[in-house]
């Protein structure tokens, strides 16, 4: 009888440990939604690069004992699925009051900087706002928000189907300005091998965050732990080392 009881307690204790371990692993794993948005995140890695927001987020979570997995979807779908609690959080989102009702925002993980690319030897007028380009020929990418901003500011907008075509005309002198983002289009310029031929005039900068769904269990605590990990990798140089690969 005693041997039977010992066997029973051994089995019960073993299953208890397995259950506790599985819950612990679940609690320390996060699933993050993302969209294909180089250089912030790549659905398909290029030359070992996965996106600086992906690498930063993974490193920050790892520093505080969390494993992370990334799932890629179109932006609107990723945002809605995360809002509903299907994923822990979503990468590279900006702040607005409506979004704050359903998400916790981390400390900023990166930024998006709008501004004008000009030729490196450009010595003319340098606009410092969207309205500052009123009456000037400025390149923008067809369908991108920068074209709308320029139109509202009164610029003479020249639309291009790709960054490559816009940069080509900039270097040829067809246009003297292109309104784009420093991070995304600067990365494309690096890929094209023309970074040393252009420079950037900053207009505005927006912070981007990891947004944690309030419907995810322990969402506020996860946000706090992520912020701790992010601060740690910023302090020891890991954050800068990741970003240096994309410049």
Nitroxide proxy distance, nm - points 7 Å out along Cα→Cβ at residue 159 and residue 246:
2.8
To the nearest 10 degrees, the tilt of helix 219-235 (Cα long axis) against the first principal axis of the alpha carbons of the chain is 60
Add -39500 (n - 2.57) for each DSSP H run of 4 or more in the chain, then divide by its residues: what number comes out at 222 nm, to the nearest 500 deg cm²/dmol?
-12500 deg cm²/dmol
Take the alpha carbon atoms of the stretch 86-143, find their center, do the same for the stretch 148-206, and report the distance between the two centers in whole angstrom.
13
Cut-off is 10 Å between beta-carbons; in what order do 236, 36 appear when sorted fewest neighbours first?
236, 36
Which value, in Å to one decimal place, does the Kirkwood hydrodynamic radius take for the chain when every pair of different Cα atoms is included?
20.5
Hey, fewest Cβ within 10 Å first, where do 242, 222 land in order?
242, 222
Ranked 239, 116, 37, criterion: other C-beta atoms within 10 Å, fewest first
37, 239, 116
Calculate how steeply helix 182-192 sits against the longest principal axis of the alpha-carbon atoms of the chain, using the helix alpha-carbon long axis, and give the answer as 0 to 90 degrees to the nearest 10.
80
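If I take all pairs of Cα atoms in the stretch 112-205, what percentage of them are more than 19 Å from each other?
Within the stretch 112-205, distances greater than 19 Å cover 28 percent of Cα pairs.
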How would you classify the stretch 106-154 from its alpha-carbon gyration tensor, with a ≥ b ≥ c the square roots of the eigenvalues: rounded for a/c under 1.5, else prolate if a/b is greater than b/c, otherwise oblate?
oblate
Give, in nm to one decimal, the length gained when the segment between residue 148 and residue 98 is fully stretched (0.36 nm per residue of separation minus the Cα-Cα distance).
15.7 nm
For the stretch 112-205, what proportion of DSSP beta bridges, expressed in % and rounded to the nearest 5, is antiparallel?
65
Counting only DSSP beta bridges fully inside the chain, the antiparallel percentage to nearest 5 is 60
Build a GNM of the chain with springs between Cα atoms under 10 Å: which of 111, 161, 137 gets the top mean-square fluctuation?
161
Output the 0 to 90 degree angle, nearest 10, between the alpha-carbon long axis of helix 163-172 and the longest principal axis computed from the alpha carbons of the chain.
30
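Coordinate-derived values only; no laboratory data. It should be emphasised that the depicted structure is a prediction, and the values quoted were computed from it without experimental measurement. Backbone-built Cβ (ideal geometry, glycine too); neighbour counts: all protein chains shown.
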